[in-house]
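The structure appears below as structure tokens.
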Amino acid sequence: MTIGVYTLELHLPGARSLKDRRQVFRRLKDRLRSRYNVAVSESAEHSNLWQRGEITVVSVSENRDSLVRLFESIFRDAESGVPGHVTEHGPEFLEAAENTIDWPENDA
């Protein structure tokens with residue numbers, strides 16, 4: 001099992017306020033959640049900047065290749081659906097070994 005973490009940093013030159021930026025980010029997060037069934041979070045690192053922000057996407061799959069394809073689709077979607085551009089992006093992958101959790105035995 002593989003856990004994929006994908007980070008997108010966005011630049012929104014047309015944003016005139018934090019409200020403008022939040023609207024764009026909210027729409028993007030909602031769209032990614034509904035289209036790709038992924039967990040999406042906005043990073044607090046750039047939370048006070050009007051024209052920049054960072055989104056992190058997390059997904060789990062049986063193999064790394066399917067996550068790579070998923071993240072490529074998410075990148076294209078972000079590039080085409082945001083009134084700005086993606087300035088940085090990059091995936092990280094964590095390989096989870098099977099049966100690594102020792103569950104307590106149920107004595108009942």
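The values are calculated or read from the model by the stated rules, or taken from the named source; none is laboratory data. Please read all numbers here as calculations on a predicted model, not as lab measurements. Using ideal geometry, Cβ is built from the backbone for each residue, glycine included, and neighbour counts are taken over all protein chains shown.
Here are the numbers for the structure shown:
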{"read-out": "Residue match in the stretch 29-38 (condition: in contact with a Phe, Trp or Tyr (Cβ under 8 Å, 6 or more places away or on another chain) and surrounded by 13 or more Cβ atoms within 10 Å (Cβ to Cβ))", "value": "no"}
{"read-out": "Selection count where residues are among the acidic types (Asp, Glu) and assigned to a loop (DSSP other than H, G, I, E, B), scope the stretch 1-50", "value": "1"}
{"read-out": "Unique match (being among the hydrophobic types (A, V, I, L, M, F, W, C) and closer than 14 Å to GLY84 by Cα) among PHE71, PHE25", "value": "PHE25"}
{"read-out": "Hey, VAL57 at pLDDT 90 or above, surrounded by 17 or more Cβ atoms within 10 Å (Cβ to Cβ) and among the β-branched types (Val, Ile, Thr) or not", "value": "yes"}
{"read-out": "Conditions (1) assigned to a strand (DSSP E or B); (2) charged (D, E, K, R); (3) under 12 Å from the mean Cα position of the chain (by Cα): number failed by GLU88", "value": "(3)"}
{"read-out": "Residue in the stretch 64-85 that is assigned to a strand (DSSP E or B), surrounded by fewer than 13 Cβ atoms within 10 Å (Cβ to Cβ) and modelled with pLDDT under 95 present", "value": "yes"}
{"read-out": "Members of the stretch 86-99 that are surrounded by 13 or more Cβ atoms within 10 Å (Cβ to Cβ) and modelled with pLDDT of 90 or more", "value": "VAL86, PRO91, PHE93"}
{"read-out": "The listed residue being in contact (Cβ under 8 Å) with a residue 60 or more places away in the chain and touching a His at 6+ places or on another chain (Cβ under 7 Å), out of GLY90, GLY84, GLY53, GLY14", "value": "GLY84"}
